[in-house]
Amino acid sequence: MGRQLLLEHIAVPGIETFEVYRKMGGYASVEKALKTMTPDQVTEQVKNSGLRGRGGAGFPAGMKWSFLDRKSDKPRYLVCNADESEPGTFKDRYLMEKIPHLLVEGMITSSYALGAKTSYIYIRGEYMYVLQILEKAIREAYAAGFLGKNILGTDYSLDLYVHPGAGAYICGEETALLESLEGKRGNPRLKPPFPAIAGLYASPTVVNNVETIAAVVPIVNLGGDEYAKVGVGKSTGTKLISASGHINKPGVYEIEMGLPVEEFIYSDQYCGGIWKGRKLKAVVAGGSSVPILPAELILKTAKGEPRLMTYESLADGGFTSGTMLGSGGFIVMDETTCIVRNLWTFARFYHHESCGQCSPCREGTGWMEKVLHRIEHGHGQMSDIDLLVDVAKKIEGNTICPLGDAAAWPVASAIRHFREEFEYHVKYPEKVKNPKHFEIEPFVSSKQLVMV
Amino acid sequence: MAKVTIDGIEIEVADGTTILNAARQLGGASVPPAMCYYSSLKGSGGKCRVCLVKVAQGSSKDPRPIPKLVASCSTPVADGMVVQNLTSPEVLEARKGVVEFLLINHPLDCPVCDQAGECDLQNLAYEHGASTTRYEEERRTFEKIDIGDKIKLHMTRCILCYRCTMVANQLTDNRVHGVLNRGDASEISTYIEKAVDNDFSGNMIDVCPVGALTDKTFRFKSRVWFTKPMDAHRSCTKCSGKTVLWMKDNEVLRVTARKDQYGEVKEFICNECRYDHKNAADWTIEGPRHIDRHSVIAQNHYEKTDLLTLKKEIERQIEFQKGKPLPLALDEKK
């Protein structure tokens, strides 16, 4: 197994308590940062590390930090986005549940770097038990003098709060999250202004994913340059991948960036291959929003190079033959999976979660769901397939926030790569009446199934 | 000051002006349509996406184009910006898409809708929409509800522009209604059977671009094009008292605030002027309201043109017929 920077001590009994975590070298980054470094030096280390946002977009975290308006006389805030609701992604929950202190430590170090006196962890409402774990960890950190007034005898003070959302996917979008945190309806804001200028309570704010903030801990401990040595090219460090679907060993894995996708799926260290000895059909590599790829394109790029688990390699080929690393929700599908049914499930999710603020997403997501429902249940027409492509195209890029894109990409990519299957549903309505149609008789298309 | 080019026409506007307002200063066909933006309501805009335009050049400093289409109502101009509205096929295609989205859950029963004739969505669909629908599924429907004794809410027709909730927030003391639920199940509603009851609530009706909020005192009394709109005023302690009376003979059927050429009210009126003075004797009538001649309301138009002006206009047209350049129209001379 590769190097582990976040989950190194995950198996140590009692790691969720302050004593054990501290004994394993925890809170060293806080001591190092507060006592020997200036806030700008910490930011510099994060920049050097090449750390990219782990929430999905992959924007360089150090750059995001440097956009923060430091000249403003308003208070600055750090908000941790723990509203992890993407279907297929569950890495943040695992991290917060098992090593809550890693996130608390990362919050303290990052808040120090940004000069935030108050910081928030916005956690999704369904994770109520995780919220209790985090609150316990925060109480312990207060008791040990790592939070509150004059941390470790320095003149830096920080208050950290956990705030539960009410269970809306849209509140994972950073400006909707801030609206919700302010107590308003969770509608995304129009940008600009960006949160770095006017975020929470119209003050400069940085919003980062749980894993991004946790990664600040090894960056400060090791130094940014050392951290940047892990990984490949512009994809540095390690990444938590939540693997699910038709694999032998589903779960959360910490991988070094640059691991070949084939090894990740078939190696016994990771997913352990496809269950029941079946063949691989398709993979959604980064949570439900990213384009789905058929087996031959996920293992190798269109140019025939092996595909690696990095931002660049997965995106190789653009949206024609590539996908995105996204949030690391790795969903594997075997030959019995019905792509249409899977897509309908995704579309139903986006329809349910659209905030309803802007027209293309509000109306388009519902429309796509209804058309997909029709096709999947054997009531579709051939023209519906092109209709779906057209609707997806008209949503994409025309909405306020990326939820519209997230709803459109899976539809466009599934039809691009699995058009035959949609046509099959229209041609043989009797055969798809049974919801488990492809389990009984797998859909065979010579180009889409590979045996490794 | 910033120089922007919209559809090839250059204009200089103050810094911070939005693309939409810059286009409105230019006037003419290049003004993007707007269904949710309302200049006098803070925070409006950005939601309906019909005003999307293409920015072909970001500014003179950074000439790169903006990769996505932007909402012109909420994007400020930059010096040297080049904007394409009608000249970009991409914009027209996207706009057609948005109109289609707005119509999939909107009933297509204009003939029985009270807003017909003064409906922004009707105009928009006429200009940018397709003639047929591709939507076969069931449409979202709601029961009609009364919010207050004077206003009828028919959520089925609503396009969720959020304008009316902003009226409630910004014109009145208490926020009494807002948006419930999410996605296409969102609805405008009051807080658990509470009536909307304050002096300026009637303005919700004026800002509604469609027939979702209608005046119960006027509802189904007359088609709007059979009425004669007259500018009128009275002295009022609560508002400016400047209104439009919608009359049939000498009967006042409805009182509304005055809308400008983009359908926006600049001076909101109080409920007393709107509902309690439906008597022509209460008002000083200034004269006919100018209605754009393209509007269906102008069907029954009656602005009197005196014969001298008419004669001059005919002479002007005759000159033009002879092959001379068209002389300025009378109202364009100054």
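The values are calculated or read from the model by the stated rules, or taken from the named source; none is laboratory data. All figures in this text were calculated on a predicted structure; none of them were measured in a lab. Cβ atoms come from the backbone with ideal geometry, glycine included; neighbour counts cover every protein chain shown. When the accessible area is computed, the model is the full protein with side chains, heavy atoms only, and any ligands, DNA or RNA have been set aside. Shrake-Rupley method; radii C 1.70, N 1.55, O 1.52, S 1.80 Å.
Some observations on this one:
To keep it simple, each residue is scored yes or no on (1) among the basic types (Lys, Arg); (2) in a loop (DSSP other than H, G, I, E, B).
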{"site": "A:VAL391", "(1), (2)": "no, no"}
{"site": "A:THR399", "(1), (2)": "no, yes"}
{"site": "A:VAL411", "(1), (2)": "no, no"}
{"site": "A:ARG419", "(1), (2)": "yes, no"}
{"site": "A:PRO429", "(1), (2)": "no, yes"}
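- Residue among A:SER327, A:SER313 that alone is in contact with a Ser or Thr (Cβ under 6 Å, 6 or more places away or on another chain) and of a type in the set (S, T, N, Q): A:SER327
- The range A:19-40 - residue that is outside any loop (DSSP other than H, G, I, E, B) and within 12 Å of A:GLY115 (Cα to Cα) and, of those, most open to solvent (accessible area, probe 1.4 Å): A:ASP40
- Yes/no for A:LEU325 being more than 9 Å from chain B (Cβ to nearest Cβ) and out of contact with any Pro (no Cβ under 6 Å at 6 or more places or on another chain): yes
- Put simply, of A:ALA113, A:ALA33, A:ALA82, A:ALA57 the only residue that is small (Gly, Ala, Ser) and modelled with pLDDT under 95 is A:ALA57.
- Selected residue [open to solvent by 50 Å² or more (accessible area, probe 1.4 Å) and either touching a helix residue (DSSP H, G or I) at 6+ places or on another chain (Cβ under 7 Å) or at pLDDT 90 or above (or both)] from B:CYS110, B:CYS158: B:CYS110
- In the range A:60-78, the condition of being touching a residue at least 24 places away in the same chain (Cβ under 8 Å) and within 24 Å of A:SER242 (Cβ to Cβ) is met by at least one residue.
- Any hit, the range B:65-73, residues being within 20 Å of the chain's Cα centre (by Cα), open to solvent by less than 10 Å² (accessible area, probe 1.4 Å) and within 9 Å of chain A (Cβ to nearest Cβ): yes
Let's see how each residue does on (1) within 11 Å of another protein chain (Cβ to nearest Cβ); (2) without any contact (Cβ under 8 Å) to a residue 60 or more places away in the chain; (3) of a type in the set (D, E, K, R); (4) crowded, with 24+ Cβ neighbours inside 10 Å:
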{"residue": "A:GLU335", "(1), (2), (3), (4)": "no, no, yes, no"}
{"residue": "A:VAL340", "(1), (2), (3), (4)": "no, no, no, yes"}
{"residue": "A:VAL411", "(1), (2), (3), (4)": "no, no, no, yes"}
{"residue": "A:GLU420", "(1), (2), (3), (4)": "no, yes, yes, no"}
{"residue": "A:LYS431", "(1), (2), (3), (4)": "no, yes, yes, no"}
{"residue": "A:VAL444", "(1), (2), (3), (4)": "no, yes, no, no"}
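- Just one residue in the set B:VAL98, B:VAL91 is within 14 Å of chain A (Cβ to nearest Cβ), closer than 26 Å to A:ARG374 by Cβ and among the β-branched types (Val, Ile, Thr); that residue is B:VAL98.
- Residue in the range B:180-191 that is part of a loop (DSSP other than H, G, I, E, B), of a type in the set (Lys, Arg) and either more than 14 Å from chain A (Cβ to nearest Cβ) or open to solvent by 10 Å² or more (accessible area, probe 1.4 Å) (or both) present: yes
- Verdict on A:THR301 being surrounded by 24 or more Cβ atoms within 10 Å (Cβ to Cβ) and either farther than 23 Å from A:GLY55 by Cβ or of a type in the set (Ser, Thr, Tyr) (or both): no
- Residue match in the range A:396-406 (condition: crowded, with 24+ Cβ neighbours inside 10 Å, away from every other protein chain (no Cβ under 12 Å) and in contact (Cβ under 8 Å) with a residue 60 or more places away in the chain): yes
- Of all residues in the range B:139-155, those being open to solvent by less than 50 Å² (accessible area, probe 1.4 Å) and of a type in the set (D, E, K, R) number 2.
- Among the residues making up the range A:356-373, a single one is of a type in the set (A, V, I, L, M, F, W, C) and modelled with pLDDT under 95: A:CYS358.
- Within the option set A:ASP386, A:ASP390, being more than 9 Å from chain B (Cβ to nearest Cβ), without any contact (Cβ under 8 Å) to a residue 40 or more places away in the chain and closer than 28 Å to B:ILE159 by Cβ holds for one residue only, A:ASP386.
- Every pair of residues 6+ apart whose Cβ atoms lie under 7 Å, when the first sits in the range B:228-253 and is of a type in the set (Asp, Glu) while the second is open to solvent by less than 40 Å² (accessible area, probe 1.4 Å): B:ASP231/B:VAL244; B:ASP231/B:GLY287
- In the range B:15-64, the residues that are more than 25 Å from B:GLY183 (Cα to Cα), open to solvent by 10 Å² or more (accessible area, probe 1.4 Å) and either in contact with a Leu (Cβ under 7 Å, 6 or more places away or on another chain) or modelled with pLDDT under 90 (or both): B:GLY27, B:GLY28, B:ALA29, B:SER30, B:LYS54
- Output for the range A:158-200, where each listed residue is touching a strand residue (DSSP E or B) at 6+ places or on another chain (Cβ under 8 Å) and open to solvent by 40 Å² or more (accessible area, probe 1.4 Å): A:ASP159, A:TYR161, A:HIS163, A:PRO164, A:GLU174, A:ARG185, A:LEU190
Residue-by-condition table, conditions (1) modelled with pLDDT under 90; (2) in contact with a Leu (Cβ under 8 Å, 6 or more places away or on another chain); (3) away from chain A (no Cβ under 14 Å); (4) surrounded by fewer than 19 Cβ atoms within 10 Å (Cβ to Cβ):
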{"position": "B:ASN169", "(1), (2), (3), (4)": "yes, no, no, yes"}
{"position": "B:HIS177", "(1), (2), (3), (4)": "yes, no, no, no"}
{"position": "B:ASN198", "(1), (2), (3), (4)": "yes, no, yes, yes"}
{"position": "B:ASN203", "(1), (2), (3), (4)": "no, yes, yes, no"}
{"position": "B:VAL207", "(1), (2), (3), (4)": "no, yes, yes, no"}
{"position": "B:ASP215", "(1), (2), (3), (4)": "no, no, yes, no"}
{"position": "B:PHE218", "(1), (2), (3), (4)": "no, yes, yes, no"}
